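Reading through the structure tokens given below for one structure.
The values are calculated or read from the model by the stated rules, or taken from the named source; none is laboratory data. Everything quoted here is computed from the prediction, not taken from an experiment. Cβ coordinates were reconstructed from backbone atoms using ideal geometry, including for glycine residues, and neighbour counts include every protein chain displayed. Keep in mind that these areas ignore ligands, DNA and RNA; they rest on the heavy atoms of the full protein, side chains included. Shrake-Rupley method; radii C 1.70, N 1.55, O 1.52, S 1.80 Å.
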Amino acid sequence: DSCSHRCGELLSTCSCQVTCQSLRTCCLDYKEFCLHISPHSGSLMGGKDFEIENTVFNTSSRLKCRFKQKIETSGYVAKDGKAHCISPLLYETGFVPFEVSADDGLTFPYSGSWLSVHHSKVSDEEKSVLVNATKWEYYGTPNTEGNLSLTWKHEVLPATHINIEVWGYEEIGKSYSDNWLAIWKYLYTLAREAPNTGTFSFTPVPVKGNYSTWDFGILRITPSNYSDGQSNVPSVWSSEHALAWHLGEDFRNDPSAWATAKCLEWDRKEEKLPNFLEEITDCPCTLAQARADTGRFHTDYGCDIEKGSVCTYHPGAVHCVRAIQASPQYAAGQQCCYDATGTQILTQDSTGGSTPDRGHDWGSPPFMKPPRIPGFSHWLYDVISFYYCCLWSDNCQFYMKHRPSSDCRKYRPPRAASAFGDPHFVTFDGLNFTFKGHGEYTFVESDLTFLRVQGRTQQARFPNGSEAQVTGLSAVAMQENNSDVIEVRYSGDLNMEVLLNQMVVNFSEQSWMDLKGLFLHSTVDQTITVMFSSGAGVEIRGSGGFLMLTVLLPEKFMNHTQGLFGVMNGNIEDEYTFKNKTTVSVHANPQQLFEFGADWAVENGTSLFTYDTEFLLNNFFFGEKHNSSFLPVFFPYEDPADPLVKEMILLCDSDPFCRFDVLTTRSLQVGNSTKLSHQNHKWLVENLKSVISCGWLDHPANGRKEGTNYLSGSAIHFICNQGYELTGSKERICQATGVWSGETTSC
């Protein structure tokens, strides 16, 4: 039994699955054929050299690397016997399978996977940097001239001399048809045989011929022994940018007239394209909602309150978010920006308003074709046109006509449920209870999208290391439809591990991953967010040796959930519903609740967990899914003479979960993290409260308005210009019914 051509499979006598290493069941040649690489990720533009760490090849081997069974790139064996591959140009992000041949392409028995990353999400160290990027992108417009310079890490390219090439991006064929194609194209070589010093300066001259029609592109630096435009060779790419610096004489002579003509041409094209605005999701009404709805919205890196709110394209905003999922038919994107008061900024009131996108900035599965190409489709439809209309000429009204902000009248916040401490549960409908079973349980499952979130609990320990009679959440596994399976767990040394289809994922190179049916994100402090394609979100963070879990579900899941988090329908009476649909009263005692919890134990056939150690196999796979011999403490005793009780009262105040956990674990630290988790859940629910919006109000002709907040309780005042008299209402207030008070104002 050999792993040649068979990585990831379970064979009759041994395993080629990733779990075989900890279970010691690997086939003898597992390490030879199933490749481990470093680095394991890089830009989708390709050209990155990575090393195969575990397999030693002959220096005489003729290496070929093949991605997705069709894209071949060169490989080589270094002097130390380590093999290397060059990553290819891809039109998608996420994990891409690759194979290696040592016989010049006859057979490809070795395999692994490469993580392709959005070009803007790759660290700056991997790219060549346009020094003073604004100057590059405004070159040739008034008061922008002189030299341009470029820097890069010269040690990345093993060469004494380099070439610098200009590449352009285009999408050809009929829009929204099957023959619509994305192409990166080599245009010309800007510099030949330049010394590889890591820096290059030049004075741009207007380009001749038909290259001047290319206004969006990128620079590529390659060793000078490769031929012009040769694909998939070692390279360093710049960031993608507007190619103002190379545009022709007609642009240089009158940039504003050139850009105005381009803007009007774009305006005419947009008129003919389908209207995507009708199908994009509405924005959250407030900044608090936008930051709390983590299953559907994520920080827009171009305007981030946690990084100092540098919002170049959105003056006046402190934070923007983007809708994570592209719209269903046209793959369009939504963006929502907020000011310092937490109010949404609309383009109808300010150029700093949020603008939706014909091409979603992050791309959208299955990628590969316009308008789903990560980053670049967006540049073509929504960014270069912004340069034409708003930055290189003064015609921004055309841009805003096609990219107006959506307000929040149709936005409905999700519902949240959480589990934390030695498990305390807060259901979607807001019921609190404690269930301290030992085993693996269904926290929520839905027949709507076959979403399943399962939790594993293990015995908690006292500060001295002995086992307490309560449990805590130690692992969570989840899947929706046929998506990838994600598991987050505490490993033996209390480090959090994230598993993707049973394989441990490493966030050292990338904090965001585009996966099958979901997106995965890890923050610096190890908060893991899983964003499913339905808009369901799962957040997990470690606290006090246990996991804290929050599940966010959009309104469409109403009446479609069951499990420990209850039936999400706004009615707490049926929270404790068993698998057979019988219920127990909300006033049930802890022993009855223990039976309700035990009923939701998972079975081996439907378990999403990975059992890759003897301990997990014996205790959870071959053992009972609900350990019926484990009886927890139901009513901890509060002894007034106990010195811990005084400290507990000071710490916990009136939080019953905190008090319970201090008494049962004898640890103030556990109590404190339970109290914080409980507090976080309450804040989340508070931030996700529904807000009524009455929608945007225009100012009257020959007058102006004061106020740009259109939410319930806000007032808008109207003032007429000198010489005009006001009829209608001077002030209109947004009422709780979602309708403006008063009458239409005119001057």
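Details
- Those residues of segment 502-525 which are in contact with an Asp or Glu (Cβ under 9 Å, 6 or more places away or on another chain), open to solvent by less than 70 Å² (accessible area, probe 1.4 Å) and outside any loop (DSSP other than H, G, I, E, B), in sequence order: Asp514, Leu515, Leu518, Leu520
- Any hit, segment 77-95, residues being β-branched (Val, Ile, Thr) and touching a Cys at 6+ places or on another chain (Cβ under 6 Å): no
- Some residue of segment 263-278 being touching a Gly at 6+ places or on another chain (Cβ under 6 Å) and under 22 Å from Gly375 (Cα atoms): no
- Boolean, Gly198 is farther than 25 Å from Cys389 by Cβ and among the small types (Gly, Ala, Ser): yes
- Of the strands (runs of 3 or more DSSP E) contained entirely in segment 412-490, those carrying at least 1 residues that are aliphatic (A, V, I, L, M) fall at 415-420, 424-426, 439-446, 452-461, 467-479, 486-490.
- Of all residues in segment 289-315 being open to solvent by 40 Å² or more (accessible area, probe 1.4 Å) and at pLDDT 90 or above, the one that is farthest from Ser350 (Cα to Cα): Arg296
- Pick from segment 40-64, criterion aliphatic (A, V, I, L, M) and in a loop (DSSP other than H, G, I, E, B), ranking: farthest from Arg220 (Cα to Cα): Leu63
- Filtered by the rule that a residue be in contact with an Asp or Glu (Cβ under 6 Å, 6 or more places away or on another chain) and either farther than 20 Å from Asp407 by Cβ or open to solvent by 70 Å² or more (accessible area, probe 1.4 Å) (or both), segment 709-747 gives His717, Gly728, Ser729.
- Residue, most open to solvent (accessible area, probe 1.4 Å), within segment 667-686, restricted to residues that are closer than 30 Å to Gln735 by Cα and touching a Ser or Thr at 6+ places or on another chain (Cβ under 8 Å): Leu684
- In the set Thr351, Thr434, Thr355, only one residue is closer than 30 Å to Leu564 by Cβ and either of a type in the set (S, T, N, Q) or at pLDDT below 95 (or both); that residue is Thr434.
- Of the residues contained in segment 17-36, one or more are found to be of a type outside the set (A, V, I, L, M, F, W, C) and open to solvent by less than 20 Å² (accessible area, probe 1.4 Å).
- Among the residues making up segment 389-411, those that are over 25 Å from Cys285 (Cβ atoms) and either open to solvent by 20 Å² or more (accessible area, probe 1.4 Å) or in a loop (DSSP other than H, G, I, E, B) (or both) are Cys390, Leu391, Trp392, Ser393, Asp394, Asn395, Cys396, Gln397, Phe398.
- Each residue in segment 535-573 was checked for being part of a loop (DSSP other than H, G, I, E, B), open to solvent by less than 10 Å² (accessible area, probe 1.4 Å) and more than 26 Å from Glu497 (Cβ to Cβ), and 4 pass.
- Looking only at segment 189-205, and only at residues there that are farther than 15 Å from Ile218 by Cα and part of a strand (DSSP E or B), the one that is least open to solvent (accessible area, probe 1.4 Å): Ala194
- Residues in segment 577-601 that are in a loop (DSSP other than H, G, I, E, B) and touching a residue at least 60 places away in the same chain (Cβ under 8 Å) were compared, and the one that is least open to solvent (accessible area, probe 1.4 Å) is Trp600.
- Scope segment 394-452; condition hydroxyl-bearing (Ser, Thr, Tyr) and within 28 Å of the chain's Cα centre (by Cα); matching residues: Tyr399, Ser405, Ser406, Tyr411, Ser418, Thr427, Tyr441, Thr442, Ser446, Thr449
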